[in-house]
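Readers should treat all values here as calculations from the given coordinates under stated rules, not as data from a laboratory. Since the structure is predicted, the reported quantities are computational estimates derived from the model, not experimental observations. Glycine also receives a Cβ, built like all others from the backbone with ideal geometry; neighbour counts cover every protein chain displayed.
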């Protein structure tokens, strides 16, 4: 058996070319969507519309400038690219968008609203959970497609959420809005014998 290769981007090894040939072929020549692909793309688009609205609500509610900056940056780094990935897939295939993009308010037009409904802790932790939920969503949607360009779009969306799930945790810990996740030390753990 050869030496095991780990740590490369996207899990590639020197053996990956075999599967890559098939993977490249699977993305060529089809603009139409299978039923599962259509469901995944439309739901992904709709979820992003809702997420952008939620982010705008958080922008209006928080008084904390760092949280405002993080959410505005998240909208530009995650939400906008994600929704445009789905928009491109639908438009190239000749499908109608499930909602008009004009319904989404630009974060620059969001005014502060002192509602007292949500504080910085709630908002940052909600974003931490939302990013995790998006990671699951995009991963699951990728598995619903055999069209590799669609899979790739979903995985790009996954990676955007992946970065921010850690970011929101770090912001919450830094601002003492939550304790860091506990660690488990291996010392004293029982050995498993076979």
Q.
If I take every Cα pair under 8 Å that is 6 or more residues apart in the chain, average their sequence separation and divide by the length, what percent do I get for the relative contact order?
A. 25
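Using just the alpha carbons, could you tell me how many Å³ per residue the convex hull of region 76-187 encloses?
Values: hull volume 16.7 nm³, N = 112.
Enclosed volume per residue, from the Cα hull, is 149 Å³.
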**Q.** Where N is the number of residues in region 1-107, Cα Rg divided by 2.2 N^0.38 Å
**A.** 1.48
**Q.** Relative exposure of 109, 175, judged by other C-beta atoms within 10 Å (fewest first)
**A.** 109, 175
(Q) Principal axis extents for the chain, Cα atoms only, whole Å, descending order, please. (A) 60, 60, 23
Q | the chain, helix-only ellipticity at 222 nm - DSSP H runs n ≥ 4, -39,500 (n - 2.57), divided by all residues, nearest 500 | A | -19500 deg cm²/dmol
